[in-house]
Every structure is written in structure tokens, then in C-alpha cells.
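The structure under discussion appears below in the form of C-alpha cells.
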Amino acid sequence: MSDLVERRGQAMLAAVEQGLTGAEQPVAGLLDLDGIRETARELHAAFATEGVEVQHTFAVKAAALVPVLRVLGEEGIGAEVASPGELAIARAAGVPAARIVLDSPAKTHGELQEALALGIALNADNPKELARLDKLVRPGSPPASPLGLRVNPQVGGGSIGATSTATATSKFGFALRDEGAEDWVVQAYLDRPWLTRLHTHTGSQGVPLELMATGVRAAYELAERINAAAGRQQVTTIDIGGGLPVNYDSDDFRPAYRDYADVLRAAVPGLFSGRYGLVTEFGRSLLAKSGVILARVEYAKSAGGRPIAVTHAGVQVATRTVLVPDVWPLRVLALDPKGRPKDGPPVVQDVAGPCCFAGDLVARGRELPLLEEGDWVALLDTGAYAFSTHYGYNSLPRPGIYGFQVDGSGAVRFSVVRRPQTLAELVAESGG
């Protein structure tokens, strides 16, 4: 982790020195490409088990950026997509169809047909969707796409309701604990030999590892029941979803992938027996620690005795933090005009964004060296759900995103992940 912190500091300094940020581009995102690769390798190592085929995929919603998917693809990570746009981005990045999983709860006829034509794996979310597949899969002709059902084990939620997907009334999947539901699912598999996968996902941020493992165990036990009823190994692959929570309090990567894999090995030992292939769909945890948003302080003011730094990073890039600050707090670093850590005694102050509503604050009552006009703030752990989930409030253009690498001498080399959106592009997108 010390290497990641050191690289981040060098990159922020270099971004200011090299003019990636400035008066014309007062906000930018920086992505540590080596950090992304290191995290991907840690994921592979954590789940590696002799005799078990594991396909890791990246939840594209966490960072729908073609160059990011290319980097992950070079590390053997595929793509989990949940919309036509995410599928198009994955294909543009060159992700092979065999490494793509389609998991939208609202797939259209056209999306189902496209996935089947391309050989992309998909998990049906509900009986109506399964009925559509019945009409698309030719009798006696196994589909090229691996097909399965998404099941909701209904094991409960974590501390954040919006990211808990295995509650009693979750909108996702076949609800296993509803009356007669599990028997219905078993029969659905027996009637359809081409259903060979089973998918579950308990949630992400705020969901403890033990609860995630409980959900996976429910899916594993269901797979065992289906196979016993079929008298053969019909379910060959279990997709355990993703959702490893991210620690937003420090630079520590906790929990680690190995922590989760160890919990799974203890709770569901049969999962690693070699009888099932595994698919994972991690998103936030693969990228969060490798990203930082740099924003210039445009004005420093005060109100009611509280200093306020007005910056160019607010709800448009840190949407969840601004709208639900108690649940999604971000760490903020104070930097001087050259991008160096700012010195000075801690002062309680607010860090505001540029948008025209009072709640556009990325930090409230935070102790930082007093920020002044021309300084910079860095929003840490923003590699996921910040760079590509731009919120269009006040028609602010999307900022540029830059990947960086640091060589042995400390020199920083940047590459464009996404160039800054121009005002002309914004107007055209708005119907102009």
C-alpha cells in the first residue's frame, strides 16, 4: 500500500506541473494503472485453487471506460455488463464473448437475441425472462451461450439498503424463500437441460463477508439439489457475484480478496472441490483505491464562522457522497497550488462543490489545513463510481480521466483514458 500512496502523491504533483489540471481544466481524475494491475493479480491469487476453473469479471458499471477494461483484460479479467451500453463498451475494449456475463434485470428481446448470437453468458432474472429464452433456444440444439438463473437467497441486508440485493423484497432474481419458489426453480432446470449456471449476489458496500458467504452457500446447496434431482452434473458453474466492500477510512485494502476467499472456503468448502467452475463479478474493489479526483479551489470564504472552500468537484463526480454523506464519506487531502501536501494547523471547514444547491458538499466540518484560492483538493478512493457515473447537474462537462504510471526514477507518464468533454460536445448531447 505504501507504493500506491507514493505513486499517488507523485501523480498529483505531476498532474499540476504538466498542466493536466489548471484554470481551464479545474477538475480531473487520475487512475493508477499499476495499482489496477496489482489488485487484479491479488484477486487471481486469492481464488486460485488447483482443479477449479475461475473466471473473474469486472462489473462495468463501476467504471465504464474502454481503456480500463483493456487493462483489466490484459490481466485476464472479463466483464459483467448490465445494459446495451455496457456491453458495447466491453466489446469495444476487445473483451472476448467467453469472458462476458450479462446480468440486467430488464433485458429486452433484442438484448437476449444479441447475447445468444454472440455466445455471451447470461442469467435470467425472472420467470417471464426465462419464458422469452424458451422461445429463443432451439429444442435439441444447445445454445452457444452459457445460461443460468439468478436467485435471491433472501438472507438479509447489510448496513446500506441500496446496496443490499438479497433482502426479502429485493427486485433481483428468483426469490428462493417465497412459498414454492425453490421447487419451481429446481423443476425449471430439470425441464431445461441447457440451464447450466446458477448466479447469486448478496450485495456490496455495507454487507459483511459472512452474509455474502451465506448467500453463496444457499446457491451452492441449490446447485447440489438440482444436480441430485437431474442425476447428473447439470449445473456446472456457480456465479457468486461480487460486492467486496471497500474501506474508505484509510489506504488499507480491507477486507482483502483473500479474506473473502478464506470465509468462502470455510462456509462453502464444496465450492472449491473442483466440481464447479466459478465466476466472480467484483467492481468497486478492483478500482476504488487506484483512483483520485483533483479539483482546484476557486474561492475560499466563510459563513457563520465556518470556512468554506468552493471547489470544482461536487455532486457531478461524487454523487453518493454529496447526496448520502453519512453513508458514503470520502477522504479529502489539502494540496497547495503546486499539488504538494499543504502544511498548517487543522481547521474545521467545509469543502464544497460547484453546483447550485446548498447540499453540494464533499466534506462537512472536516479538519484540514486551511484551504485558500488556488489550492487543490484530492478526493481519494474514487477509482470506482466516480469517473464514469457523471451526474449532469448544472450541465457541467465531464472531466478528463488520465491513467498514470511511475517509473523507477519517479517520472510520471500519463495516458488519456477519457479526454475532457468540450462545451460543444455537451451542447450537442443536449440536442443542440
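See the values below:
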{"item": "Residue that is within 23 Å of L278 (Cβ to Cβ), of a type outside the set (V, I, T), buried (at least 19 other Cβ atoms within 10 Å of the Cβ) and outside the structural domain of P193 (by TED's automatic domain parsing), where the choices are E75, E86", "result": "E86"}
{"item": "Among (1) surrounded by 15 or more Cβ atoms within 10 Å (Cβ to Cβ); (2) closer than 20 Å to Q18 by Cβ, the one test that G408 misses", "result": "(1)"}
{"item": "Qualifying residues in the range 190-225 (those that are surrounded by 24 or more Cβ atoms within 10 Å (Cβ to Cβ) and under 17 Å from the mean Cα position of the chain (by Cα)) - the one nearest to V246 (Cα to Cα)", "result": "S204"}
{"item": "Filter result for A295 (under 18 Å from Y393 (Cα atoms) and part of a strand (DSSP E or B))", "result": "yes"}
{"item": "Of all residues in the range 143-162 being crowded, with 19+ Cβ neighbours inside 10 Å and β-branched (V, I, T), the one that is nearest to L195 (Cα to Cα)", "result": "V151"}
{"item": "Residue among P337, P354, P307 that is buried (at least 17 other Cβ atoms within 10 Å of the Cβ) and outside any strand (DSSP E or B)", "result": "P354"}
{"item": "So E50, is it surrounded by fewer than 21 Cβ atoms within 10 Å (Cβ to Cβ), at pLDDT 95 or above and of a type in the set (D, E)", "result": "yes"}
{"item": "Residue in the range 259-277 that is in contact with a Pro (Cβ under 9 Å, 6 or more places away or on another chain) and either assigned to a helix (DSSP H, G or I) or within 28 Å of L72 (Cβ to Cβ) (or both) present", "result": "yes"}
{"item": "Residues of the range 116-169 satisfying the condition of being part of a strand (DSSP E or B), polar (S, T, N, Q) and farther than 20 Å from R99 by Cβ", "result": "N152, S164"}
{"item": "Some residue of the range 253-260 being touching a Lys or Arg at 6+ places or on another chain (Cβ under 8 Å) and closer than 30 Å to T382 by Cβ", "result": "yes"}
{"item": "Test result for K107, part of a helix (DSSP H, G or I) and modelled with pLDDT of 95 or more", "result": "no"}
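This table checks each residue for (1) among the small types (G, A, S); (2) over 12 Å from A28 (Cα atoms).
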{"residue": "A386", "(1), (2)": "yes, no"}
{"residue": "L396", "(1), (2)": "no, yes"}
{"residue": "Y402", "(1), (2)": "no, no"}
{"residue": "D407", "(1), (2)": "no, yes"}
{"residue": "G410", "(1), (2)": "yes, yes"}
{"residue": "V417", "(1), (2)": "no, no"}
{"residue": "L423", "(1), (2)": "no, yes"}
{"residue": "L426", "(1), (2)": "no, yes"}
{"residue": "G432", "(1), (2)": "yes, yes"}
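The values are calculated or read from the model by the stated rules, or taken from the named source; none is laboratory data. Computed from a prediction, not measured in an experiment: that's the story for all the values here. Methodologically, a virtual Cβ is constructed for each residue, glycine included, from the backbone with ideal geometry; neighbour enumeration extends over all protein chains shown.
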